[in-house]
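Asks: Let me give you the structure first, and then I'll get to my questions.
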Amino acid sequence: MSNQIEITYTFNAPRELVFKAFTESQHLQNWWGPKGWMFHVAKADFRPGGVFHYSQQPADGEKMWVKFLYSEIVATDKIVYASFFSDEEGNKVRAPFDANWPLETLNNMTFIENEGKTTLTMIMAPSSPTEEEFKTYFSSQEMVQNGFTGTFDQLAEYLKNSSI
């Protein structure tokens, strides 16, 4: 079994616009997260060493907080970050949906443009998981794939209908 999940998605937009949608909170808040969920940006500092801290909430459920810690950002090319569920103050907590979800995942996103279209490759892996966390994460691979594909579908629609 692989120790990572890879998702590839092609947007009908130039790399500069796709990258901008990922790194500017005024755009990110319009498409990030599950469809129909409320989204709130608490902190957005898109730079190596910076933080993205946000909440998301389904119409009929509890608010969840998530935090990204950026380790590498190469303009229009690459974003590398660690992500984890947090409380409102940004402290790491267990995932609200599964106590065996890894405490932290490492995420590497690359953006490649070809003929005006941008291919995003996202590679995710749990950071130092226990055996149980590893099993939980990879047994959820389809859920992770579907979740990110749905989010990227929203971005594709946003890019088509907005003037970034």
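Asks: Quick check: residue separation of PHE39 and ASN91 times 0.36 nm, minus the Cα distance between them. What number comes out in nm?
Replies: 16.8 nm
Asks: In addition: Using the heavy atoms of the protein chains alone and a 1.4 angstrom probe, what is the accessible area of the chain per residue in square angstrom?
Replies: Heavy-atom accessible area per residue stands at 53 Å².
Asks: Among ASP98, ASP87, ASP60, whose mean-square fluctuation peaks in a Gaussian network model of the chain (Cα, cutoff 10 Å)?
Replies: Result for the chain, Cα springs under 10 Å: ASP60 fluctuates most.
Asks: Take the alpha carbon atoms of segment 6-51, find their center, do the same for segment 103-124, and report the distance between the two centers in whole angstrom.
Replies: 12
Asks: Next up: Could you compute the FRET efficiency for ARG47 and ASP153, with r as their C-beta to C-beta distance and R0 at 22 Å, rounded to 0.05?
Replies: The pair ARG47/ASP153 has a calculated efficiency of 0.20.
Asks: Taking all protein chains as present, what is the carbon and sulfur share of the accessible area of segment 20-147, in % to the nearest whole number, probe 1.4 Å?
Replies: That fraction is 48 percent.
Asks: While we're on this one: To the nearest 500 deg cm²/dmol, what mean residue ellipticity at 222 nm is calculated for the chain from DSSP H runs of n ≥ 4 alone, each contributing -39,500 (n - 2.57), summed and divided by the residues?
Replies: Result for the chain, helices only: -8000 deg cm²/dmol.
Asks: Just round it to a whole percent: the fraction of Cα-Cα distances in the chain exceeding 20 Å.
Replies: Across the chain, Cα pairs with separations above 20 Å total 51 percent.
Asks: What's the FRET efficiency of SER162 with THR121 using the Cβ-Cβ distance as r and R₀ = 25 Å, to the nearest 0.05?
Replies: FRET efficiency, SER162 to THR121: 0.60.
Asks: Could you give me D for segment 1-92, from Stokes-Einstein at 37 °C and 0.692 mPa s, where the hydrodynamic radius is the Kirkwood radius over C-alpha pairs? Units µm² s⁻¹, please.
Replies: Result for D is 228 µm²/s.
Asks: Could you give the radius of gyration (one decimal) and Dmax (whole number) of the Cα atoms in segment 1-47, in Å?
Replies: 13.4, 38
Asks: Residues of segment 50-84 with amide nitrogen under 16 Å from the 7 Å Cα-to-Cβ point of GLU24?
Replies: It comes to 75-77, nothing else.
Asks: Could you list which residues have their amide H under 5 Å from that of GLU104, counting only those 5 or more apart in sequence or on another chain, with H placed in the peptide plane?
Replies: Under 5 Å from the amide H of GLU104: SER127.
The values are calculated or read from the model by the stated rules, or taken from the named source; none is laboratory data. Every value quoted in this text rests on a predicted model; they were computed, and no experiment measured them. FYI the Cβ positions are ideal-geometry reconstructions off the backbone, even for glycines, and counts take in every protein chain you see. What goes into the accessible areas is simple: the full protein's heavy atoms, side chains included, and nothing from ligands, DNA or RNA. Shrake-Rupley method; radii C 1.70, N 1.55, O 1.52, S 1.80 Å.
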